[in-house]
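Some notes on the structure that comes next.
Values in this text are rule-based calculations from the coordinates and carry no lab data. This structure is a prediction, so every number in the text was calculated from the model and none was measured. Heads up, the Cβs are rebuilt from the backbone with ideal geometry, glycines too, and the neighbour counts pull from every protein chain shown.
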2 protein chains.
Amino acid sequence: MASVKGAPAGCYARCRALEHWDDLRVVQKNRTVTGKGARSAPASRPTIKDVAERCGVHPSTVSRALSPAMSHLVAPDVAKRIRAAAAALGYQPNVTAAGLRTGRSGLIGVLAPDIADPGFPPILSGVTETLAAEGYATIVVDVGPDPSRERELVDRLIARGVDGLVLATVVLNDPVVGHCLAASIPVVLVNRSDSARKLPAVVTDDEAGMRLAVDHLVGLGHRRLGHIAGPQDVSTGALRRAGFKAAAARAGLSAQNTLIETARAYTRDEGRLAALRLIDRERPPTAIVAANDLLALGIYDAIGERGLKCPSDVSVVGHNDMPYVDMLSPPLTTVRIAQREMGNQAARLLLDAIAAPAARRERVVLEPVLIVRGSTGKPERIP
Amino acid sequence: MASVKGAPAGCYARCRALEHWDDLRVVQKNRTVTGKGARSAPASRPTIKDVAERCGVHPSTVSRALSPAMSHLVAPDVAKRIRAAAAALGYQPNVTAAGLRTGRSGLIGVLAPDIADPGFPPILSGVTETLAAEGYATIVVDVGPDPSRERELVDRLIARGVDGLVLATVVLNDPVVGHCLAASIPVVLVNRSDSARKLPAVVTDDEAGMRLAVDHLVGLGHRRLGHIAGPQDVSTGALRRAGFKAAAARAGLSAQNTLIETARAYTRDEGRLAALRLIDRERPPTAIVAANDLLALGIYDAIGERGLKCPSDVSVVGHNDMPYVDMLSPPLTTVRIAQREMGNQAARLLLDAIAAPAARRERVVLEPVLIVRGSTGKPERIP
DNA sequence: GGAGTTGTTGCAATCGATTGCATAAAGGGT
DNA sequence: ACCCTTTATGCAATCGATTGCAACAACTCC
């Protein structure tokens, strides 16, 4: 090995000879490894140095030849030779080492409130799709029910050297927002936004969505509407609730005819409990608008429990159009939000923020669409 | 800064004085940064060196003090001082740098056939839960419809330095299996297995699951059963099909009374098409067992299209018990597999493989459970 | 033909943490 | 007092790729 190390380098004319030598060396190397047994990794991946030795050039030249941004600095024929050698050896750059030097890891952290929530995968899918196209990989972290872990998880991701963060978890006045700002790491929020709107975000027009739902129901003849609001510390929960009230008022409904119950979480069971509170009132609403499809599922449960029928006794409108709600009985009328598109846009925004850290904070608001199915109909008994 | 660098180190007695000096230095450093404007990263994270300087010890001592495995090598009081300084500075080790040196990244790659498939999130959730507890983070990659990308994606993950792989994508005779074996990287399969069973895997007993479904239907009086098989290059597709045939034969059904149609993919629409082929036969089956809930959804579609009723005209059994199939109309009778548990076990197996690369290849087979709901009933018209 | 360009390549420092080895001090035994 | 452990710490190399700078060649221009 030492004999080769001392060989002259950087001289084209000798390369044929060097290749010959190197082939011998490689064989020897293999034999040594096999003979000795386990010299650490048996199938240790080739490094930039191996490629350099095989070509008789300096590692730095290999680095430049293989980097699109720097390859113009190396002679075309040498670059070609290097690329060929790299391919022959099956060389793949060690991203960790490059990341240490350049300070960029090519990793993006994604914080999710709950991976198992059917609303999340489409967003994630959009995020990864766009990021993967730019060579980034994503680390998805499930925060779980305890939001206090969020801060620690962000720190862990930063320690891992992520180049940016996608947060699908933030609550209003979330301390993690300030934390990210202080760490000056590119961040983009998705589906939710912070109260101060200090960070770029991709959201849907929650208030417009509620207007679609309310107008649809009022158009059907409903005059007494219920709303099951989501957690009020989450932007969607607060905004959809506000949107419901505003839309109802605009449609001429009095405050007594707009009933609101708040769910403590976006879960089916919380939806059920809130729906029962609504149904069990003295004068129940003829239609209920849920802040979320999962809550709507709970409304179905409650309706069944009370022996009522949807939509004849109670109409139901969901929100998000999560997969397969068209298969429910009755198929759920819901406000569709473009989740995949939301993920794509969030990734795009994050890439922009990474490219130009000082750029302005953009905010993308997507327009929701009402999907009318079987869970809404004319009220049978006008109260 | 040079003046401090030259200060004597490794001497407890001088530490108070050094701390004093260092505080001064820190202030100066801050002032310099603020004054100069943007000295690269404004909020650059403190390194092990910063902690060392602050304590007047060598960086290696800090490294040892902060590493649980090595901390026994450093004096308790010094270790305490170091931990305090690290906490004060908000020091977090740079995982990238450590990974370069140690060769371990703390990253696990997960290959998924389709993140948006409702069956996958629970598995992923189980995997990340167990891995996160051991300090690992997961990179999830969506392979998408084109399986030829799998090999390249694996290589990319390996280039990223992942310590192991969880594959939820492999097909029978998948070349990627040999590729992983050759790369000698810890791998575990989940939900699917390779034909040669050369890799550790966590699967459910597919044949037992089909027996549960078939026996249930035969018990209800069905004598002519249909099966919608999944893709035959996927272990679940082939094994469930074989399980269906075996169970039907064991129950005394003739070959003419066991009808099989194969879906080209685990999708709702493929299920619909296959179900139509089954229903449109001269003598259709009175019950259909799907290899997967998504296919069962398609059966519902087909039944509706032909103006039939489930379960009175056709009973349907699904497989997987994916979220919210209890909300369908009728609620889906299905074979439940412990997806989250599957993820947990896969992660556990992978951790074992990383800890002891030479250990034997384990194989975990989970037992499925039949969940009887409303989509199965006695056949109305015995054919 | 000498000075100035342009184009290629090598050299060596660097990123931040880890770890085998050397060293120094403290403690123990006779 | 001397040698021999034990314990605690520092030193320097290392992981693999990147990049500013220097060096050298070939070429151009006057």
- Task: Note the angle between two axes, namely the Cα long axis of helix B:235-250 and the longest principal axis of the Cα atoms of chain B, as a number of degrees from 0 to 90, rounded to the nearest 10.
- Result: 30 degrees
- Over segment B:241-364, how many percent of alpha carbon pairs lie in each 10 Å bin up to the one with the longest distance? 12, 36, 27, 15, 9, 2
- Task: Would you kindly compute the Cα radius of gyration of segment A:122-212 and its largest Cα-Cα separation (Dmax), both in Å?
- Result: 13.7, 44
- Cα-based Rg and Dmax for segment B:225-295, where Dmax is the largest Cα-Cα distance (Å): 11.3, 32
- Note on the structure: If the chain between A:Asp269 and A:Asp233 were fully extended at 0.36 nm per residue, the gain over the current Cα-Cα distance would be 11.1 nm
- Estimated 222 nm signal from helices in chain A, with DSSP H stretches of n ≥ 4 weighted -39500 (n - 2.57), rounded to 500: -14000 deg cm²/dmol
- Exposure proxy order (Cβ contacts within 10 Å, fewest to most) of B:Val171, A:Val162, B:Val202, A:Val365: A:Val365, B:Val171, A:Val162, B:Val202
- chain B: angle of helix B:15-36 to the longest principal axis, Cα-based, in degrees nearest 10: 70 degrees
- Message: I'd like the distance separating the alpha-carbon centroids of segment B:283-316 and segment A:288-306, in whole Å.
- Response: 27 Å
- Message: I need the shape label for the protein assembly as shown. Rule: rounded when a/c is under 1.5, else prolate if a/b > b/c, else oblate, with a, b, c from the alpha carbon gyration tensor.
- Response: oblate
- Note on the structure: For segment B:329-383, the Cα-Cα pair-distance distribution in 10 Å bins from 0, as whole percents, is 20, 29, 21, 15, 11, 4
- Starting from 0 in steps of 5 Å, tell me what percent of the Cα-Cα pairs of segment B:86-128 lands in each bin. 5, 17, 16, 12, 12, 14, 13, 8, 3, 0
- Query: Going by how many other beta carbons lie within 10 Å of each one, how would you line up A:His216, A:His179, fewest first?
  - Reply: A:His179, A:His216
- Query: If one computes the Cα centroid of segment B:147-171 and of segment B:40-91, what distance in Å separates the two points?
  - Reply: 36 Å
- Query: Label B:Leu89 and B:Val369 with points 7 Å out from Cα along Cα→Cβ: what is the distance between them in nm?
  - Reply: 5.2 nm
- Note on the structure: Karplus-derived 3J(HN,Hα) from phi for segment A:136-147 (6.51 cos²θ - 1.76 cosθ + 1.60, θ = phi - 60°), whole Hz, x at Gly and Pro, runs 8, 10, 10, 9, 9, 10, 8, 6, x, x, 9, x
- Quick one: among B:Gln345, B:Gln232, B:Gln92, which has the greatest mean-square fluctuation in a GNM of chain B with alpha-carbon springs under 10 angstrom? B:Gln92
- Item | segment A:164-284 - convex hull of alpha carbons, volume per residue in Å³ | 105 Å³
- Note on the structure: Percent of all alpha-carbon pairs of chain B at distances over 27 Å, whole number, is 59 percent
- Query: Can you run phi through the Karplus equation (6.51, -1.76, 1.60; θ = phi - 60°) for segment B:56-65 and list ³J(HN,Hα) in whole Hz, with x for Gly and Pro?
  - Reply: x, 10, 7, x, 5, 5, 4, 4, 5, 4
- Message: Restricting to bridges with both residues inside the protein assembly as shown, how much of the DSSP beta-bridge set is antiparallel, in percent to the nearest 5?
- Response: 10 percent
- Message: Going through the cross-link list B:Lys49/B:Lys80; A:Lys80/B:Lys198; B:Lys245/B:Lys378, which pairs have a Cα-Cα distance over 28 Å in this structure?
- Response: A:Lys80/B:Lys198
